[in-house]
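Comments concern the structure below.
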Amino acid sequence: MKILFTHNTAMWYRLPFFKELSKIYDLDLVFTHIGVMQEVYDENINNQIEGLEGVNYTILPNFHGFARGLISKARNSYDITIGGSWDTPQELFETIILYGITKIKKEPFIIWREDWDWEKDNNIKEKLLNKIIKYLCNHSDAILVPGTLHKEYFTKKLEVPENHVQIMPNVSNIKGNADITMKNHPIKKILYVGRLIERKGVIYLLEAYDKLKMENTELIIIGSGEEEEKLKDYVKEKNLNNVIFTGKINNEELENYYNESNLVVIPSINKGMGDPWVFVLNEAMYYYNPIITTTAVGAAPDMIEDNGFIVPEKDSDALKNAIEMILNDKKLGKKMSLKSKEIINNKFQYSNMINSFEECIKKVKKEYN
């Protein structure tokens, strides 16, 4: 089966997925906006992508935000085309063109997205965009989404038939020595990992830590971004002790922080959008960490069971109370640690992702024929 798979950029956690797909299908993988890695993750990608050896992939050049060569690719014959993005006007236009070409060729078209029903501006532009997206989604042959919140958005908000929306879990390729015994130390370590931008809600974590008033605790903030100086100023103003800003660090160092932390907090807020997923959950849970997230985290309903708490966004009191409950109850912390690892092992492996993808492909081909 020949598949045209278009994706914006080569995120490190996607590469094993693409590699496995290439072993199963005749995969023509096309990256349309490779520069997103630089813009969002401050990572450069060369023309030779490490991890995709042996995979048939193409990196399209961009001209004024448009992927040059996409139409030529789409005009070839495929059994299925996968794509779909509307993060920029150019990407929306590309999706419309891609969809149109597949329909002219009478080939199936699958959309893969991570949208869920976060806060949006209710202006004319947004309403028009929603109409276009709704049309595309209801006339595609399937929608692949990573979780429950995302499926609810497409089925309830965009009114896509439920049997056309398939959950394909997001998976991270974190590898390393996950050692639960490294958490046994006198200082209780609270960890945040991510960009320091307003949407990540780190200021509410700092407010919660200020209210915590627990001895022998340490808050470690890993990452960098435009809010870094503002957050550091808050720490100085409040005279907070044991708050450490590490800046951006490499994955080898990050492993030690995950292993030694007693819990990981993801305090995201809605700011124009919620957090589509947050792969830090996958990483932190792999290393036996209890998790505290907010309602603005897309992965929360699928990844948080008895391994942590989901609290309202922008609520520092709720964050503080959740942190306190875990750190004050050693038995509860241990139980949550083990549950996190169990969830990752059973539900969020690349085999789970591939199985869901294959199920979607088979269903589409059956219905299309």
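Summary table below
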read-out: Close pairs from the stretch 127-155: first farther than 12 Å from D115 by Cα, partner open to solvent by less than 10 Å² (accessible area, probe 1.4 Å) and in a helix (DSSP H, G or I), Cβ under 6 Å, at least 6 apart; value: D141/V364; A142/C360; A142/V364
read-out: Residues satisfying the stated conditions in the stretch 78-111, i.e. over 19 Å from L21 (Cβ atoms) and either touching a residue at least 60 places away in the same chain (Cβ under 8 Å) or touching a Gly at 6+ places or on another chain (Cβ under 7 Å) (or both); value: D87, T88, Q90, E91, E94, T95
read-out: Tally of residues being open to solvent by less than 50 Å² (accessible area, probe 1.4 Å) and modelled with pLDDT under 95 across the stretch 352-369; value: 1
read-out: Residue among N289, N282, N259 that is in contact (Cβ under 8 Å) with a residue 12 or more places away in the chain, of a type in the set (S, T, N, Q) and touching an Asp or Glu at 6+ places or on another chain (Cβ under 7 Å); value: N259
read-out: L231, sole failed condition from (1) open to solvent by 50 Å² or more (accessible area, probe 1.4 Å); (2) in contact with a helix residue (DSSP H, G or I) (Cβ under 8 Å, 6 or more places away or on another chain); (3) without any contact (Cβ under 8 Å) to a residue 60 or more places away in the chain; value: (1)
read-out: Search result, residues across the stretch 320-332 that are surrounded by fewer than 19 Cβ atoms within 10 Å (Cβ to Cβ) and in a helix (DSSP H, G or I); value: N321, E324, M325, N328, K330, K331, L332
read-out: Yes/no for I82 being farther than 27 Å from Q349 by Cβ and at pLDDT 95 or above; value: no
read-out: Matching residues, the stretch 333-351, being more than 30 Å from N216 (Cβ to Cβ) and either open to solvent by 40 Å² or more (accessible area, probe 1.4 Å) or of a type in the set (S, T, Y) (or both); value: N345, N346, K347, Q349, Y350, S351
read-out: Candidate set: the stretch 36-57, residues that are assigned to a helix (DSSP H, G or I) and at pLDDT below 75; chosen: the one surrounded by the fewest Cβ atoms within 10 Å (Cβ to Cβ); value: E39
read-out: Residue within the stretch 247-259 that is open to solvent by 20 Å² or more (accessible area, probe 1.4 Å), at pLDDT 95 or above and touching a Lys or Arg at 6+ places or on another chain (Cβ under 6 Å) present; value: no
read-out: Unmet criterion (only one of (1) surrounded by 15 or more Cβ atoms within 10 Å (Cβ to Cβ); (2) charged (D, E, K, R); (3) in contact (Cβ under 8 Å) with a residue 40 or more places away in the chain) for D179; value: (1)
read-out: Selection from the stretch 100-134 of residues that are open to solvent by 30 Å² or more (accessible area, probe 1.4 Å) and aliphatic (A, V, I, L, M); value: I104, I124, L128, L129, I132
read-out: Subset of the stretch 135-150 (residues that are buried (at least 20 other Cβ atoms within 10 Å of the Cβ), out of contact with any Lys or Arg (no Cβ under 7 Å at 6 or more places or on another chain) and more than 21 Å from K106 (Cα to Cα)); value: P146, G147, L149, H150
read-out: Top-ranked residue in the stretch 286-319 [being under 14 Å from the mean Cα position of the chain (by Cα) and assigned to a helix (DSSP H, G or I); ranked as farthest from L205 (Cα to Cα)]; value: D302
read-out: Filtered residue count, the stretch 292-317, keeping only those that are β-branched (V, I, T) and either at positive phi or without any contact (Cβ under 8 Å) to a residue 24 or more places away in the chain (or both); value: 4
read-out: Residue under evaluation E91, criteria (1) touching a Ser or Thr at 6+ places or on another chain (Cβ under 7 Å); (2) assigned to a loop (DSSP other than H, G, I, E, B), criterion not met; value: (2)
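The values are calculated or read from the model by the stated rules, or taken from the named source; none is laboratory data. Only a predicted model underlies this, so the values are computations on that prediction, with no experimental measurement involved. Methodologically, a virtual Cβ is constructed for each residue, glycine included, from the backbone with ideal geometry; neighbour enumeration extends over all protein chains shown. Quick note on the areas: whole protein, heavy atoms, side chains included, nothing else; ligands and nucleic acids left out. Shrake-Rupley method; radii C 1.70, N 1.55, O 1.52, S 1.80 Å.
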